[in-house]
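Worksheet: the structure to be examined is printed underneath.
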Amino acid sequence: IGRLVIGQNGILSTPAVSCIIRKIKAAGGIILTASHSPGGPGGEFGVKFEVANGGPAPDMVSDKIYQISKTLEEYAICPDLRVDLSRLGRQEFDLENKFKPFRVEIVDSVDIYLNLLRSIFDFSAIRNLLTGPNQIKIRIDAMNGVMGPYVRRILCDELGAPANSAINCIPLEDFGGQPPDPNLTYATALLEAMRGGEYGFGAAFDADGDRYMILGQNGFFVNASDSLAIIAANLSCIPYFCQMGVRGFGRSMPTSTALDKVAKLMKVPVYETPAGWRYFSNLMDSGRCSLCGEESFGTGSDHLREKDGLWAVLVWLSILAARKQSVEEIVRDHWTKFGRHYYCRFDYEALEPRTAYFIMRDLEALITDKSFSHQQFAVGNNIYSVERTDSFEYIDPVDGTVTKRQGLRIIFSDASRLIFRMSASSHVRATLRIYAESYEKDPSQHNKEPQAVLSPLIAIALKISQIHERTGRKGPTVIT
């Protein structure tokens, strides 16, 4: 490696890294991040490698890196490397035993990314929404991650939102002691502010800026699956898509099927992938996919090869500007047109990995047995008939790569779904996730609480998985 590009003060959002890789045609990029996990000396620390398209390294690249790591015989270091990360510009250093100098370039953390956004959105329309005669007040929570400089520069300086619209904008090593996870469990400061009714639009970002959450006035919550579907249904509000067209959509398998309803109306394909953004990158590189997203508050388009929280917020502001409706009105109009997908995710975190593994193993044996097919479950006044079950397998339509055992699915005859998936957050603990989805077409039934609607499905999930009995838990750690 002869050239290293670093964001000023060591800060770049994940989408900005993707943007810079693509802009300067870099060989790849390394992101040091805790993502949406607790940070600091006792917290999480992750290393992500991005390949030349600006997307996460596919498994074959990660595997090759690992194989090469076992045969390395030497490496060169730069003994005199002292870099002032606050000073923009290039600095050159001598590597030991090498003839070529090692160049370090400190770049403006926001600049290249901001220029990309200017080419995608109608900034004047958003600026008018935030400063014009019918302006709305917004509240943006950077959750003490890297998004502070982006929020202040783009939403405040560039688009005119008042400086006090932005909170928690100072990046802190431990994110202020709070997991920088943009959901109702952790973004409590934003939620309380929105419940007061003063603000018409609220958003929060995770630590590295690729995840987001949207709230409307009075704390009206937009779940990530609905947000993805609503963005898809309103792409005509974004100049980029008016110019480029819409070729297809992608969603991770656990994400609700709300996007599928929009795709059907628009007559574009939907690709259902395993969790993980690298699967979308292949689809976008091949020209198959224009918009994609995950239920874990990640959404993006083919402008980059990473999920992009600020991009998603600017899409929402563009929709608000074009439709001249509130967040809640836009969501409810969407439900009236397409139906409502009641949806929840229940996380059982910090499980002993062997326990989680055996729960999933036994559950797979149960639901894939022929006797389970067409089984009926009666819960209260509800009867659920199993239509099909499987262990999700994905065949990449681009290169034919097969990815197996990506989650267990139970699909009922009324299109309700239960999904079980294990996520290894580290080598010493695991997270078991249960996803529940139920579709309701009747607008008169759209005002119920998701957990109330989904409680019969959850009862089935707990009964067949025995997760409480086998873990000693009384309930999930986090509900989203």
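For the reader, a short list of remarks on this structure follows.
- Projecting the Cα atoms of 254, 222, 240 onto the dipole axis of region 160-260, where Lys and Arg carry +1 and Asp and Glu carry -1 at the beta carbon, places 240 farthest toward the positive end.
- Centre separation in Å (Cα based) which lies between region 1-39 and region 260-319: 21
- Shape box of region 3-108 [Cα atoms, principal axes, largest first, Å]: 36, 36, 33
- This model, with +1 at the C-beta of Lys and Arg and -1 at the C-beta of Asp and Glu, gives region 3-108 a dipole about its Cα centre of some 360 debye.
- Computed [θ] at 222 nm, helices only, for the chain once each DSSP H run of length n ≥ 4 contributes -39500 (n - 2.57): -9000 deg cm²/dmol
- For region 43-187, averaging the sequence separation of C-alpha pairs within contact (under 8 Å, six or more residues apart) and dividing by the residue count gives a relative contact order of 14 percent.
- Per residue, the chain exposes 46 Å² of solvent-accessible protein surface, assessed with a 1.4 angstrom probe and all protein chains in place.
- For residue 125 and residue 3, a Förster radius of 35 Å and the Cβ-Cβ distance give a FRET efficiency of 0.35, rounded to the nearest 0.05.
- Beta bridges from DSSP with both residues in region 3-108: antiparallel share about 70 percent, rounded to the nearest 5.
- Matching label, P(r) over Cα pairs in 10 Å bins from 0, in percent computed from the structure shown, candidates (i) 4, 22, 34, 27, 11, 1, 0; (ii) 4, 18, 30, 27, 15, 5, 1, 0; (iii) 4, 16, 24, 20, 12, 9, 8, 5, 1, 0: (ii)
- Pairwise Cα separations in region 340-479 fall into 5 Å bins from 0 onward with the following percentages, short to long: 2, 9, 18, 22, 19, 15, 9, 5, 1, 0.
- Dipole check for region 340-479: with +1 at the C-beta of Lys and Arg, -1 at the C-beta of Asp and Glu, and the Cα centre as origin, the magnitude is about 320 Debye.
- Cα-centred dipole magnitude for the chain, charges only on beta-carbon of K, R (+1) and D, E (-1), debye, nearest 20: 760
- Positive-end residue, region 340-479 charge dipole about Cα centroid, Cβ charges, pick of 400, 415, 454: 454
- Treating each Cα of region 172-263 as an identical point scatterer and summing with the Debye formula, the log10 of I(q)/I(0) at q = 0.10, 0.13, 0.17 Å⁻¹ comes to -0.34, -0.57, -0.88.
- Accessible carbon and sulfur surface of region 3-108 relative to its total accessible area, %, 1.4 Å: 55
- Across the protein chains, with a 1.4 Å probe defining accessible surface, the residues 225, 373 rank 373, 225 from largest area downward.
- Averaged over residues, the count of other Cβ atoms within 10 Å places the peptides 169-175, 433-439 in the sequence 433-439, 169-175, highest first.
- Since only 277, 471, 292 are under comparison, the one whose Cα sits farthest along the positive direction of the charge dipole of the chain, derived from C-beta charges on Lys, Arg, Asp and Glu, is 292.
- With 0.36 nm allotted per residue and the present C-alpha distance subtracted, the residue 45-residue 76 stretch has 8.7 nm of extension available.
- Computed over the chain, relative contact order equals 13 percent, with contacts defined as Cα pairs under 8 Å that lie 6+ residues apart.
- Around residue 182: net Lys/Arg minus Asp/Glu count, Cβ-Cβ under 10 Å: -2
The values are calculated or read from the model by the stated rules, or taken from the named source; none is laboratory data. Just so you know, these numbers come straight off a predicted model, no measurement behind them. Virtual Cβ from ideal backbone geometry, glycine too; neighbours counted across all protein chains shown. Areas reflect the complete protein model, heavy atoms only, side chains present, ligands, DNA and RNA absent. Shrake-Rupley method; radii C 1.70, N 1.55, O 1.52, S 1.80 Å.
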